[in-house]
Amino acid sequence: MTSSAPLGLQGAYLQGERAGHDELRSRLLDVAVNLLETDGPDSLTIRRIATEAACTTTVIYTMFGNREGLAEALYLEGFERFRRLLERVPQRRDPLEHLRALVHAYRDACLSEPGYYSLMFERAIPGFEPSERARTLARAALNIFDRVISDCIAAGHLNPTQPRRIADALWAAAQGAISLERSSHLRDGSSYEVVTEATIRYFAAGKD
């Protein structure tokens, strides 16, 4: 009879190896986004990132392929960070209040991650175009809005329509206000609250 112990040891080794890989990947992305924010897109060379992260260029090429692959990884990491922040918003009994809390948290996420935000929404890396797969995954990271909007429709707060239609309109309103705030045309979040609340009310139940 074969002992299961070696398989257990192998599993533990592989788990540790994956954890080390994920930790290194996260560190490289942190280094890259910090360089983008402080020194601009020209600083995003494989050699510069390797120097800052104290690793070899081979490690980066192996992990991301090339500079384009690194940019796409940063793009997806930004949306993943937003997803985690939004998922941590405490559940409300009233889905409409939960939706408003998510809208507030979305602004916080955008302003707390300026490096990622600039890459995700402001073409901070000239010439970088995320793949269709990356765009699909990015939008899926915000699916919590679709789910909570569905709950709002079911509860009678919002007109019956495709949740994605409402979510995309709310996203567009939010992004417009955030972009103006980041460029100092708006000085606080009051306009953000106005335009996002107006969008929610536009779809309120009982309105055509």
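The values are calculated or read from the model by the stated rules, or taken from the named source; none is laboratory data. All values derive from a computational prediction rather than experimental measurement. Glycine also receives a Cβ, built like all others from the backbone with ideal geometry; neighbour counts cover every protein chain displayed.
Could you list, in sequence order, all residues of the range 50-90 that are over 22 Å from the mean Cα position of the chain (by Cα) and either over 23 Å from L137 (Cα atoms) or among the acidic types (D, E) (or both)? If the condition is that a residue be over 22 Å from the mean Cα position of the chain (by Cα) and either over 23 Å from L137 (Cα atoms) or among the acidic types (D, E) (or both), then A50, T51, E52, A53, A54, C55, T56, T57, T58, V59 are the ones that fit.
For the range 22-76, taking the residues that are small (G, A, S), closer than 16 Å to Y116 by Cβ and touching a Leu at 6+ places or on another chain (Cβ under 9 Å), the one that is surrounded by the fewest Cβ atoms within 10 Å (Cβ to Cβ) is identified as S43.
Which pairs do you get when a residue that is under 24 Å from L96 (Cβ atoms), found in the range 163-187, comes within reach of a residue that is aliphatic (A, V, I, L, M), reach meaning Cβ atoms under 6 angstrom, with the pair 6+ apart or on two chains? Pairs found: P163/I149; I166/I149; A167/I149; A173/V195; A177/V195. Which ones in the range 91-103 are surrounded by fewer than 16 Cβ atoms within 10 Å (Cβ to Cβ) and within 24 Å of D188 (Cα to Cα)? If the condition is that a residue be surrounded by fewer than 16 Cβ atoms within 10 Å (Cβ to Cβ) and within 24 Å of D188 (Cα to Cα), then E97 is the only one that fits. For the range 51-86, a residue qualifies if it is of a type in the set (S, T, Y) and touching a residue at least 12 places away in the same chain (Cβ under 8 Å), and the qualifying residues are Y61, Y75. Taken over the range 146-165, the criterion of being of a type in the set (A, V, I, L, M, F, W, C), farther than 17 Å from E197 by Cα and either at pLDDT below 95 or part of a helix (DSSP H, G or I) (or both) is satisfied by A154 alone. Put simply, of T161, T136 the only residue that is outside the structural domain of S43 (by TED's automatic domain parsing) and farther than 30 Å from N66 by Cβ is T161.
Kindly check whether there is at least one residue in the range 37-50 that is within 24 Å of Q175 (Cβ to Cβ), in contact with a Gly (Cβ under 6 Å, 6 or more places away or on another chain) and touching a residue at least 40 places away in the same chain (Cβ under 8 Å). Yes, the conditions are met somewhere in the range 37-50. Quick check: anything in the range 195-207 surrounded by fewer than 18 Cβ atoms within 10 Å (Cβ to Cβ), under 19 Å from the mean Cα position of the chain (by Cα) and without any contact (Cβ under 8 Å) to a residue 40 or more places away in the chain? No: zero hits.
Among the candidates C110, C152, the residue that is surrounded by 15 or more Cβ atoms within 10 Å (Cβ to Cβ), hydrophobic (A, V, I, L, M, F, W, C) and touching a residue at least 60 places away in the same chain (Cβ under 8 Å) is uniquely C110.
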